[in-house]
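Written out below as C-alpha cells is the structure these notes cover.
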Amino acid sequence: MALILHIDTSSEKSFVILSDNETVLHSETNEVSKNHAAFVQPAVEKLVNKTGIQLRDIDAVAVVAGPGSYTGLRVGLASAKGLCYALDKPLLMLNTLELIALGAKHSMAGLADNEEGLLFCPMIDARRMEVFTAVYDEMLQPLLNPQAMILDENAFGEYPPTKKLIFSGSGSQKFKNINKNSNAYFLEENYSEKSIIQLSCQLFNKYQFVNIAYAEPFYVKEFFTPIKKS
C-alpha cells in the first residue's frame, strides 16, 4: 500500500490527487491556469476532508516537474517541497513528456499494429514552431532524450518506417500540419490521472526519490524574458 499525494500544475489544467497504489481516492481539478497558485492548498484540504486521510499518513508527494509552464512548474514544485518538508515525506518528480507518452500508450493498448511495434513521441507546444519533445520505445525507454526542437517537415525521418510513430500532446498538431512521415499516427489525447498515478507508483516502488533541497523544475531550456527598451 502506498498513499501518494500528486500535484500537477504544469499546464492549463491542473490536478491534485490522492491515491492508494493505483486507485484514485479523490481528486480535484482546476482548468484556469492563472489560478494554479490559489488552487493547490485548498484542493489538498478538500482531499483530506473528502477521504478522512490525514496528510501525516501519506507515504510520498509526487509532482509533475516539467517541461511545461514556467510559472506552473514553480507553483507545483514549491507546494510539493513545502509539504515534504512539513510532513517529512519523500518527493517524487515526474517528467511531463513521459506522462504524455504513457497516456498515448494507454490509448493505443489493444489496437492492431505492425510487427515492429510503436514509438511514442510526446510534444509540448512552445512558441512558433518549437516544441519540447522526446522519443520513447514501447517500454518507455528514451531513444531521444527530452529537448527543445524547431520542427520542420523532415523531423523524425531517421526512425524506421516499419515502426509506427505515435505523436501526441499539445504540440503535435503543429507537426501534423507539415509531417511527411508515412508511419506517423496522431492522437488528440494528452494524459490523465491514470498516467500520473501509474508513473508515481512505478517511481515509488523503485525508491526513486529526489533530494528535496536540490530539486528544481525540469525546464529543458532556460526561461528568457526580453528586456524592455526605454
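Couple of notes before you dig in:
- Taken together, the residues in region 148-203 that are farther than 30 Å from residue 25 by Cβ, of a type in the set (Gly, Ala, Ser) and crowded, with 17+ Cβ neighbours inside 10 Å amount to 4.
- Any hit, region 120-136, residues being touching a strand residue (DSSP E or B) at 6+ places or on another chain (Cβ under 8 Å), at pLDDT below 90, at negative phi and not in a strand (DSSP E or B): yes
- Filter pass, residue 150 being among the aliphatic types (A, V, I, L, M) and in contact (Cβ under 8 Å) with a residue 24 or more places away in the chain: no
Residue by residue, here is whether (1) within 30 Å of residue 61 (Cα to Cα); (2) outside the structural domain of residue 103 (by TED's automatic domain parsing); (3) out of contact with any Pro (no Cβ under 7 Å at 6 or more places or on another chain) holds:
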residue: 153; (1), (2), (3): no, no, yes
residue: 157; (1), (2), (3): no, no, yes
residue: 170; (1), (2), (3): yes, no, yes
residue: 174; (1), (2), (3): no, no, yes
residue: 177; (1), (2), (3): no, no, yes
residue: 196; (1), (2), (3): yes, yes, yes
residue: 202; (1), (2), (3): yes, yes, yes
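- Checking each residue in region 4-29 for being surrounded by 18 or more Cβ atoms within 10 Å (Cβ to Cβ) and out of contact with any strand residue (DSSP E or B) (no Cβ under 6 Å at 6 or more places or on another chain) picks out 9, 11.
- Some residue of region 16-24 being among the charged types (D, E, K, R) and in contact (Cβ under 8 Å) with a residue 60 or more places away in the chain: yes
- Filtered by the rule that a residue be of a type in the set (S, T, N, Q) and in a loop (DSSP other than H, G, I, E, B), region 144-173 gives 154, 162, 170.
The values are calculated or read from the model by the stated rules, or taken from the named source; none is laboratory data. Keep in mind the model is a prediction, meaning the values are calculated, not measured. For neighbour counting, all protein chains shown are included, and Cβ atoms are generated from backbone atoms with ideal geometry for every residue, glycine included.
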